[in-house]
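Asks: Starting off with a structure, shown below.
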Amino acid sequence: MDFGKVITAMVTPFDADGAIDWELTAALIEYLIVEQGTDGLVVCGTTGESPTLSDEEKLQLFAFVVEKANKRCTVVAGTGSNSTAHSIHLSQEAEKLGVDGLLLVAPYYNRPTQEGLYRHFQSIAESTVLPVMLYNIPKRTGVNINPETTIRLSFVENIVAVKESTDLDQIAEIRSHAADGFRIYSGDDSMTMPILSVGGYGVVSVASHLIGKEIRAMVNAFEQGDAEEAGRLHRELLPIFNGLFVCPNPVPVKYALGLKGYPVGTVRLPLVEANEHEKKLIGHLFPDK
């Protein structure tokens, strides 16, 4: 299973009452596929505000995106949680709805041991035929999937990739010892180039909502051996990568999409919209709007 090189962690559009806006969601899917050229969509990830979505909303979103994408890109369902049984249930339901793969975040808050992490992911993977991408982001979950555990999990038949938001030493170790064909994705736009340089495959991106083609050009330049051009593009895009995190994700990217003429509504509590200072900073990233 090839999820693609540049995958967008899609925001969830809401209306003024905080309900999912299905018309805006359809328009966003079309925009990301046609105008930004995304290879895949992660649905109900952190950027999609998964902590505030009910199971019913998640399943509705999975089905809706599968239908609207219509095989033009991969659809990866965020079904991870801090309950193994709950994650298995969501994963099996997502499989029935026709998604192409699963994104499983490390269990948060309950801080399992490395053996607990291994058994958690192994159990979910064995409950489905879908390919699985692990998601390691210790600053949000409170637990690191150590390299040895990721390497061990890479030999589970349908665990095929990891989205890493850690350091290059950990990523290089995984690349050196993981199963053949196991792929490493950057979970942080600003780390895409460094991660590619130690054997990474692609990126699960927030910024690709706005500069997907530019990110693809950077990845393509690196793969074609033009490190100078790839580095130039990385430096050029870096202010946008960093600027989209001036306040908690996905607040900045939702505001920026509105500036670019693609409104996706506000965020759900406990997130709040950007303040005036933050809006000004985000606006400076896109001076043509």
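The values are calculated or read from the model by the stated rules, or taken from the named source; none is laboratory data. Bear in mind the structure is a predicted one, so any value in this text is a computation, not a measurement. Ideal geometry is used to build each Cβ from the backbone, glycine not excepted, and the neighbour counts take in all protein chains shown.
Asks: Only one residue in Ile211, Ile174, Ile159, Ile151 is in contact with a Ser or Thr (Cβ under 6 Å, 6 or more places away or on another chain), of a type outside the set (Gly, Ala, Ser) and either surrounded by 15 or more Cβ atoms within 10 Å (Cβ to Cβ) or over 25 Å from Phe286 (Cα atoms) (or both), so which one is that?
Replies: Values: Ile211 fails: in contact with a Ser or Thr (Cβ under 6 Å, 6 or more places away or on another chain); Ile159 fails: in contact with a Ser or Thr (Cβ under 6 Å, 6 or more places away or on another chain); Ile151 fails: in contact with a Ser or Thr (Cβ under 6 Å, 6 or more places away or on another chain).
When all the criteria are applied, what remains is Ile174.
Asks: Name every residue in the stretch 67-81 that is on the phi < 0 side of the Ramachandran plot, assigned to a loop (DSSP other than H, G, I, E, B) and not small (Gly, Ala, Ser), in order of residue number. Break it down stepwise before answering.
Replies: Narrowing the stretch 67-81 to residues on the phi < 0 side of the Ramachandran plot: 67-69, 72-81.
If we keep only those that are assigned to a loop (DSSP other than H, G, I, E, B) as well, we get 72-73, 79-81.
Hits for the stretch 67-81 are Arg72, Cys73, Thr79.
Asks: So, one more: Does Val203 satisfy the criteria of being surrounded by 15 or more Cβ atoms within 10 Å (Cβ to Cβ), in a loop (DSSP other than H, G, I, E, B), touching a residue at least 12 places away in the same chain (Cβ under 8 Å) and not polar (S, T, N, Q)?
Replies: Values: surrounded by 15 or more Cβ atoms within 10 Å (Cβ to Cβ): yes; in a loop (DSSP other than H, G, I, E, B): no; touching a residue at least 12 places away in the same chain (Cβ under 8 Å): yes; not polar (S, T, N, Q): yes.
Against the criterion (surrounded by 15 or more Cβ atoms within 10 Å (Cβ to Cβ), in a loop (DSSP other than H, G, I, E, B), touching a residue at least 12 places away in the same chain (Cβ under 8 Å) and not polar (S, T, N, Q)), Val203 does not qualify.
Asks: Another question about this same structure. If I filter the stretch 92-101 for residues that are closer than 26 Å to Arg152 by Cα, touching a residue at least 12 places away in the same chain (Cβ under 8 Å), surrounded by fewer than 18 Cβ atoms within 10 Å (Cβ to Cβ) and more than 12 Å from the chain's Cα centre (by Cα), do I get at least one hit?
Replies: Step one: filter the stretch 92-101 for residues closer than 26 Å to Arg152 by Cα, giving 92, 94-95, 99-101.
Applying the additional criterion that residues be touching a residue at least 12 places away in the same chain (Cβ under 8 Å) yields 92, 94-95, 99-101.
Checking the rest, the ones that are also surrounded by fewer than 18 Cβ atoms within 10 Å (Cβ to Cβ) come to 92.
If we keep only those that are more than 12 Å from the chain's Cα centre (by Cα) as well, we get 92.
Checking the stretch 92-101: at least one residue is closer than 26 Å to Arg152 by Cα, touching a residue at least 12 places away in the same chain (Cβ under 8 Å), surrounded by fewer than 18 Cβ atoms within 10 Å (Cβ to Cβ) and more than 12 Å from the chain's Cα centre (by Cα).
Asks: It is to be established whether one or more residues within the stretch 1-8 are of a type in the set (Asp, Glu), part of a loop (DSSP other than H, G, I, E, B) and surrounded by fewer than 19 Cβ atoms within 10 Å (Cβ to Cβ). First the steps, then the outcome.
Replies: Taking the stretch 1-8 first, the residues of a type in the set (Asp, Glu) are 2.
Among the residues that remain, those that are also part of a loop (DSSP other than H, G, I, E, B) are: 2.
Add one more test, that the residue is surrounded by fewer than 19 Cβ atoms within 10 Å (Cβ to Cβ), and what stays is 2.
So far as the stretch 1-8 goes, yes, one or more of its residues are of a type in the set (Asp, Glu), part of a loop (DSSP other than H, G, I, E, B) and surrounded by fewer than 19 Cβ atoms within 10 Å (Cβ to Cβ).
Asks: Inspect all residues belonging to the stretch 14-28 and state whether any of them is of a type outside the set (Asp, Glu) and part of a strand (DSSP E or B). Even if it seems obvious, please write down each step before you answer.
Replies: Within the stretch 14-28, the subset of a type outside the set (Asp, Glu) is 14, 16, 18-20, 22, 24-28.
In the following step, the residues that additionally are part of a strand (DSSP E or B) were identified as 14, 20.
Yes, that holds for at least one residue.
Asks: What are the residue pairs meeting all of these: first residue in the stretch 76-87, first residue crowded, with 19+ Cβ neighbours inside 10 Å, second residue assigned to a loop (DSSP other than H, G, I, E, B), Cβ atoms under 6 Å, and 6 or more apart or on different chains?
Replies: Filtered contacts from the stretch 76-87: Ala77/Val99; Gly78/Cys44; Gly78/Gly45; Ser87/Thr79; Ser87/Gly80; Ser87/Ser81.
Asks: Condition test on Val267, is it surrounded by 20 or more Cβ atoms within 10 Å (Cβ to Cβ) and in a loop (DSSP other than H, G, I, E, B)?
Replies: Numbers: surrounded by 20 or more Cβ atoms within 10 Å (Cβ to Cβ): yes; in a loop (DSSP other than H, G, I, E, B): yes.
The answer is yes for Val267.
Asks: Can you find a residue that is buried (at least 20 other Cβ atoms within 10 Å of the Cβ), under 21 Å from the mean Cα position of the chain (by Cα) and either at pLDDT 95 or above or in a helix (DSSP H, G or I) (or both) anywhere in the stretch 272-285? Give the steps one after another, and end with the answer.
Replies: Here is the first cut: in the stretch 272-285, the residues buried (at least 20 other Cβ atoms within 10 Å of the Cβ) are 274, 282, 285.
With under 21 Å from the mean Cα position of the chain (by Cα) added as a condition, the list becomes 282.
Then drop every residue that is not either at pLDDT 95 or above or in a helix (DSSP H, G or I) (or both), which leaves 282.
So far as the stretch 272-285 goes, yes, one or more of its residues are buried (at least 20 other Cβ atoms within 10 Å of the Cβ), under 21 Å from the mean Cα position of the chain (by Cα) and either at pLDDT 95 or above or in a helix (DSSP H, G or I) (or both).
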